[in-house]
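The values are calculated or read from the model by the stated rules, or taken from the named source; none is laboratory data. These numbers come from a predicted model, not from an experiment. Note that each Cβ is placed from the backbone with ideal geometry, even for glycine, and that neighbours are counted across all protein chains shown.
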Amino acid sequence: MSSDAALLERLAPTAGVGARAERGRAFFDAHGLPDPKAEAWRYTPVTEIRAALEHAVPAPSGSTSSTVADRPLIDALAGSHGGPRLVFVDGLFSAELSDVEATPGGLWIGDAEALRPRRAPGAPAPQDEPADGFHALNWAAGSDVAAVLVDADTHLDVPVHVVHLSTAGSTGSDGPDATAGADATVTHPRTVVRVGAGSTAAVIESFVGTGGPSITNSSTRVVAAEGATVTYHRVMSEPAEAIHVGRTGIEQAAHSRVAATSVITDGRIVRNAVDVVLGGDGARSDLSGLYLPTDHQRHDNVVTVDHAASHGTSTQRFKGIVDDHGRGSFSGHVIVRHGTIGTDAAQSNPNLVLTPTAQADTRPWLEIFADDVRCTHGATVGRLDDDALFYLRSRGIPTAQARAMLIAAFAAEVVDSVTPESLRDHLSTWLHTRTVEVSS
Amino acid sequence: MLSISELTAVVDGKRILDGLDLEIAAGEVHAIMGPNGAGKSTLSNVLAGRDGYEVTGRVTLDGVDLLGLEPEQRAAAGLFLAFQYPTEIPGVGNMYFLRTALNAVRRERGEPEISAVEFLTLAKENMARLEMDPAFLSRSVNEGFSGGERKRNEILQMSLLQPRLAILDEIDSGLDIDALRIVANGVESLRSPDRAMLIITHYPRLLEYVRPDHVHVLTDGRITRSGDHTLALELEEHGYAPLTGSAR
């Protein structure tokens, strides 16, 4: 048996439920995990993730989540943002931790079981294919789905909060020989957000954990119908030893607007792929991100915007703050399809490298098959400004605090654009704690 | 109050300060003048604790050895440097910066921290005296400030922090005559029997507004001549050339 087949057998022992799981299984059978040498996986340590998966165990099914998690814990880890909430504990929906009852008109949220009866009988089954081996594994092995469905012409004024909590970790493998992910539990969260034509909606998706090694292989799909306005904030703040391979697929119809922010606050290996297809004319996508690897952490952002229709606008603004032996990377891929006109694509990736052993990688990748295009990109890798640091210190501000002020200032452009205020405050507090730590 | 003896500073093997001695008593205002390259800015940087200099000699402020202290500890000990080129810090709000600095210094002095509301009142009073628009509080530190606005922001910091020793490095450079008068009045208003000031300047014009008790000429890294304020007038008339010639 090949190692890929063994992996599938281990992580998805039962034949998947439904056609999507079957397609995932078939794709994985054919392709397995991505080749570590593949361009899109260049900065992700696939081999290390594979090794962790080979020692991992699927999260126990049917665990009673209320025994390990309660509402104050969820609030503390993911924040409380005042709207409906879907909470998944180790991959399974937790009705008692979720708030699905009092949803405003035009909004439906729920898990896989609640979603099933909503499918119209005789509706054609979706035919989409997984993007890669991890995505396929998510389909094959995932057991639940978080669904956020917004009708047409609906304007929601509070965000929907989707929380994925990992609780289980290794017991007794913390010795010096323990490898990353040894006996970690692995979950495959899947989230679908569909926003109807002309509607406005905001979704916050938080990935959090209570400690111990965990592997999260997540997939989120955001579909914005014609003229829809969607705000999507993805906060990946799992514990320091966690591994997360995540993919967000965003599909935009004509004149839709999506603002998506990804913040990686922690995690030993985190891959954040964002794949956007602007499929209808006049769509706009504003993507931003912030990542702060420290210790020996690897945070990899792989962003692709496919301008498949005319008059599309896209911006990518990802900021890296790399400390200690951390390594942060950003690959920004822009595709402008043949036959389209009026594309405007901008990309920036400023990096702040705090130690000589930290590393920031940045890679713009523009594939332009049309003439009428405006495409800009810029990347910088710099240290904290010595002059600014001296100026602050000369006014009596202690070094650690002065450094934290400068790091927060660097991150402010991303953090300040986040709504609602409760999430912005949650991130600011985290950033402050984190920067004072790294500076002292 | 400030005592400097045998101060030398070397950068990249080049001796910029070469055995400088200076004594400043509380309540006194001293001016150091000198041609370009004489070591004026090096002196202010070395006193404030900027990295990059090999320093020997002895500097004490109120008996405290300054050279062994970090820049923030020197500020806590009462030293303040008004920068020749105040640094822009995008993303750090001026008000947040000023209050953080004031509270850091107050903490070191064992005084209670000041609340945001109290601070705002205090800052606005001081800004009014410097004819500064309160809107400067909500901007990033020095970002997009004109030369004159930056210099006023320096004097604002000095008036908030109330240092024992203020070093004003070319505070008059880049100012038009009106801005010079406002900045000079701000400096003059901070003159006090408890405070010493060291004004480093290229041109004597500032000294018409803030009359120093003592004027020193810095050439080739040491003080080569000292006198009262009339020395500044003499320099205006004859320039530094006769002095640099005789200093060798």
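The rows are residues; the columns are (1) among the polar types (S, T, N, Q); (2) surrounded by fewer than 14 Cβ atoms within 10 Å (Cβ to Cβ).
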position: A:47; (1), (2): yes, yes
position: A:78; (1), (2): no, no
position: A:98; (1), (2): yes, no
position: A:107; (1), (2): no, no
position: A:135; (1), (2): no, no
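Scan the range B:82-97 for residues that are assigned to a strand (DSSP E or B), of a type in the set (A, V, I, L, M) and more than 7 Å from every other protein chain (Cβ to nearest Cβ) and the total you get is 1.
Yes/no matrix, rows are residues, columns are (1) more than 30 Å from the chain's Cα centre (by Cα); (2) charged (D, E, K, R); (3) closer than 30 Å to residue B:168 by Cβ:
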{"site": "A:367", "(1), (2), (3)": "no, yes, no"}
{"site": "A:389", "(1), (2), (3)": "yes, no, yes"}
{"site": "A:392", "(1), (2), (3)": "yes, no, yes"}
{"site": "A:395", "(1), (2), (3)": "yes, yes, yes"}
{"site": "A:420", "(1), (2), (3)": "no, no, no"}
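Scanning the range A:264-271 finds no residues that are free of Cβ contacts under 8 Å to residues at least 40 places away in the same chain, surrounded by 23 or more Cβ atoms within 10 Å (Cβ to Cβ) and over 22 Å from residue A:44 (Cα atoms).
To keep it simple, each residue is scored yes or no on (1) part of a strand (DSSP E or B); (2) touching a residue at least 60 places away in the same chain (Cβ under 8 Å).
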| site | (1), (2) |
| --- | --- |
| B:8 | yes, yes |
| B:26 | no, yes |
| B:36 | no, yes |
| B:59 | yes, no |
| B:80 | yes, yes |
| B:100 | no, no |
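Being touching a His at 6+ places or on another chain (Cβ under 7 Å) and in contact (Cβ under 8 Å) with a residue 40 or more places away in the chain holds for only one residue in A:85, A:50, A:42, and it is A:85. Restricted to the range B:112-130, and to residues there that are without any contact (Cβ under 8 Å) to a residue 40 or more places away in the chain and not hydrophobic (A, V, I, L, M, F, W, C), the residue that is nearest to the other protein chains (Cβ to nearest Cβ) is B:113. For the range A:335-344, state whether one or more residues are within 28 Å of the chain's Cα centre (by Cα), at pLDDT 95 or above and either surrounded by fewer than 17 Cβ atoms within 10 Å (Cβ to Cβ) or not β-branched (Val, Ile, Thr) (or both). Scanning the range A:335-344, I find at least one residue that is within 28 Å of the chain's Cα centre (by Cα), at pLDDT 95 or above and either surrounded by fewer than 17 Cβ atoms within 10 Å (Cβ to Cβ) or not β-branched (Val, Ile, Thr) (or both), so the answer is yes. Mind listing just one residue for me: the one in the range A:81-129 that is assigned to a helix (DSSP H, G or I) and not charged (D, E, K, R) and, of those, farthest from residue A:191 (Cα to Cα)? Top of the filtered list is A:117. Apart from one condition, residue A:412 fits all of (1) away from chain B (no Cβ under 14 Å); (2) touching a strand residue (DSSP E or B) at 6+ places or on another chain (Cβ under 7 Å); the exception is (1). Look at (1) of a type outside the set (A, V, I, L, M); (2) within 10 Å of chain A (Cβ to nearest Cβ); (3) in contact with a Gly (Cβ under 8 Å, 6 or more places away or on another chain) and you find that residue B:109 fails only one, number (3).
Flag set for residue A:144, criterion: assigned to a loop (DSSP other than H, G, I, E, B) and more than 26 Å from residue A:197 (Cβ to Cβ). Close Cβ contacts (under 7 Å, 6 or more residues apart or on different chains) running from residues in the range A:382-400 that are more than 7 Å from chain B (Cβ to nearest Cβ) to residues that are surrounded by fewer than 18 Cβ atoms within 10 Å (Cβ to Cβ) and not charged (D, E, K, R) comprise A:400/A:436; A:400/A:440.
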